[in-house]
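Read the figures in this text as sums done on the coordinates, not as results from a lab. For clarity, every value in this text was computed on a predicted model and none was experimentally measured. Quick reminder, even Gly has a Cβ in these numbers, built from the backbone with ideal geometry, and neighbours come from all protein chains shown.
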Amino acid sequence: MAEAQQGGGPLAGVRVVELAGIGPGPFAAMLLADLGADVVRIDRPGGGALTIDPPHDITNRGKRSVVVDLKTAEGREAALQLVDRAHVLIEGYRPGVAERLGVGPEVCMGRNPLLVYGRMTGWGQDGPLAERAGHDIGYIALTGALGISGPADGPPAFPANLLGDFAGGSLYLVVGVLAALRHAEGGGGPGQVVDAAIVDGASHLTSILHGMLASGAWQDRREANLLDGGAPFYGTYRTADGGYMAVGALEPAFYAEFVRLLDLEHEVPPREDLAGWGELKRAIAERFAARTREEWTEVFGASDACVAPVLSLTEAPEHPHLKARGTFVERAGMVQPAPAPRFSATPAGTDGRPAEPGEHTGEVAADWQIPALLNETL
């Protein structure tokens with residue numbers, strides 16, 4: 001059994017049923033498992049639309065897996081018996097699919113009134129696009145979150161599927177689940193459905209920008225603002241070896257340190273002179289192009305200039321600060337991010353090993369007292 005299932009973490013004792021899917025649903029369930037919940041993933045016979053082989057799918061770490069065929073009466077009953085004993089259910093189907101499978105909210109909450117039923121979709125459970133297929137890039141495109149990034153004279157830039165699927169999707173689902181769980185368990189209220197739509201979460205993430213837009217502090221175009229690469233002192237610059245340095249010298253004191261270490265303090269227009277931003281950006285770019293990323297990292301390493309090297313996924317775990325904090329760990333033969341955030345009284349943990357489909361069927365049948373599961377073992 002994974003460490004998170006042995007009583008560690010602030011969610012110890014919370015039972016979660018996850019209906020297998022891909023992307024933000026599994027990541028949300030992984031986060032709950034990292035925090036100590038006993039997450040049982042219901043995998044389908046023969047697997048599903050997996051994008052990665054099970055032994056390397058880190059989003060399945062800390063969970064237990066059973067294989068159940070929801071298209072059979074016996075499989076549905078076994079799944080519903082798990083739901084009877086659960087605090088939370090997570091599903092990421094298109095609207096109406098769970099209902100057609102016989103495991104929708106009405107059925108599940110009719111059997112377990114305190115159940116928190118978490119639904120993860122891109123477009124939401126209703127609206128003109130609710131029935132349409134989609135992916136992260138389309139969701140953030142519609143919300144304006146994609147259109148703010150990238151050069152003014154080039155295409156928008158997108159950060160893989162982190163902004164939509166996981167920030168706007170998974171994290172909002174987990175927040176909603178925890179709030180609903182508090183309401184059901186501690187507030188005396190019934191269970192409820194949590195409708196987590198990526199378009200809602202990604203839009204919510206832009207709240208500060210809408211405030212700036214309303215106040216006139218943000219222009220509705222790319223590379224024209226303080227935080228989108230428009231300001232010379234907030235962006236990335238190429239170094240002599242083809243690497244990049246990230247600059248975030250926003251505050252005057254940090255900016256003064258920045259230009260001092262670049263040896264530019266007497267050679268460029270003042271930062272308040274917006275007409276001189278083009279000249280300032282060119283001067284900064286020329287300075288960074290004169291040395292390697294490693295050299296500039298050494299220059300800025302002990303300063304408050306807010307400058308950092310842009311690292312790759314394989315480089316990040318080796319950074320001294322991240323190593324000192326244990327931000328990445330090696331588990332199950334893989335380097336992977338450690339659980340976050342951290343807790344002083346109830347530290348979370350995981351053995352880091354992804355669950356293989358069906359490997360815990362007998363174990364869960366005993367722990368959750370669901371004998372019907374044994375008939376579902378492949």
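Taking the chain as the reference, fit the longest principal axis to its C-alpha atoms, fit the long axis of helix 24-34 to the helix C-alpha atoms, and give the angle between the two in degrees, 0 to 90, nearest 10.
Between the helix axis and the principal axis of the chain, the angle is about 80 degrees.
So if R0 is 30 Å, what FRET efficiency would residue 321 and residue 291 give, r being the distance between their Cβ atoms, rounded to the nearest 0.05?
Using R0 = 30 Å, I get an efficiency of 0.90.
Using the charge dipole of the range 117-185 (Lys, Arg: +1 at Cβ; Asp, Glu: -1 at Cβ; taken about the Cα centre), state which of 123, 143, 180 has its Cα farthest towards the positive end.
Result: 180, furthest along the dipole toward the positive end.
Expected output is a single nm value to one decimal: the length gained when fully extending between residue 246 and residue 335, i.e. 0.36 nm times separation in residues minus the C-alpha distance. What is it?
29.6 nm
Using helices alone, I'd like the mean residue ellipticity at 222 nm for the chain: each DSSP H run of four-plus residues gives -39500 (n - 2.57), total over residue count, nearest 500.
One gets -9000 deg cm²/dmol as the mean residue ellipticity at 222 nm.
Just rank 146, 181, fewest to most, by other beta-carbon atoms within 10 angstrom.
Starting with the residue having the fewest Cβ neighbours, the order is 146, 181.
Can you list the lysines whose alpha carbon is less than 19 Å from that of residue 63, not counting same-chain residues fewer than 8 positions off?
The qualifying lysines are none; the list is empty.
Per 0.36 nm of contour for each residue apart, how much would the distance between residue 367 and residue 111 grow if the chain were fully extended, relative to their Cα-Cα spacing?
Between residue 367 and residue 111, full extension yields an extra 90.2 nm.
Going by amide H atoms built from the backbone, whose H comes under 5 Å of the H on residue 193, apart from near neighbours?
Amide H neighbours of residue 193: 117.
Return a whole-number percent for the relative contact order of the chain, with Cα pairs under 8 Å and 6 or more residues apart as the contact set.
21 percent
Per-residue HN-Hα couplings for the range 146-157, Karplus 6.51 cos²θ - 1.76 cosθ + 1.60 at θ = phi - 60°, whole Hz, x for Gly and Pro?
Working through the residues one at a time gives 7, x, 8, 10, x, x, 4, 9, x, x, x, 9 Hz.
Give me the dipole magnitude in Debye, nearest 20, for the chain about the Cα centre, with unit charges on the beta carbon: positive for Lys and Arg, negative for Asp and Glu.
About 500 debye.
Summing +1 for each Lys or Arg and -1 for each Asp or Glu, what net charge is found among the other residues whose Cβ lies under 12 Å from the Cβ of residue 265?
Summing Lys/Arg as +1 and Asp/Glu as -1 gives 0.
When a footprinting reagent is the concern and you count Cβ atoms within 10 Å, what order do 198, 208, 148 take, fewest first?
208, 148, 198
How would 323, 281 line up from fewest to most surrounding beta-carbon atoms within 10 angstrom?
Ranked by crowding around the Cβ, least crowded first: 323, 281.
Would you mind counting up the charge near residue 85? Only other residues with Cβ under 12 Å from its Cβ, with Lys and Arg at +1 and Asp and Glu at -1.
My count for the surroundings of residue 85 gives -1.
Along the charge dipole of the range 244-309, which of 276, 264, 305 sits closest to the positive end, that is, farthest toward it, with unit charges on the beta carbon of Lys, Arg, Asp and Glu (+1, +1, -1, -1)?
In the range 244-309, that residue is 276.
Distance in nm between label sites at residue 267 and residue 374, each 7 Å beyond Cα in the beta-carbon direction?
My value for the distance between the label points is 7.8 nm.
Report the residue, chosen from 129, 82, 227, that carries the largest GNM mean-square fluctuation when the chain is represented by alpha-carbon nodes joined by springs under 10 Å.
Its mean-square fluctuation being the largest, the pick is 129.
Over the Cα atoms of the range 228-378, what radius of gyration and what Dmax do you get, in Å?
For the range 228-378, the Cα radius of gyration and maximum Cα-Cα distance read 24.3, 78 Å.
Peptides 265-278, 84-97: what's the order by average Cβ count within 10 Å, highest mean first?
Descending packing order for the listed peptides: 84-97, 265-278.
Can you give the net charge of the other residues whose Cβ lies under 13 Å from the Cβ of residue 56, counting K and R as +1 and D and E as -1?
For residues surrounding residue 56, the net value is 0.
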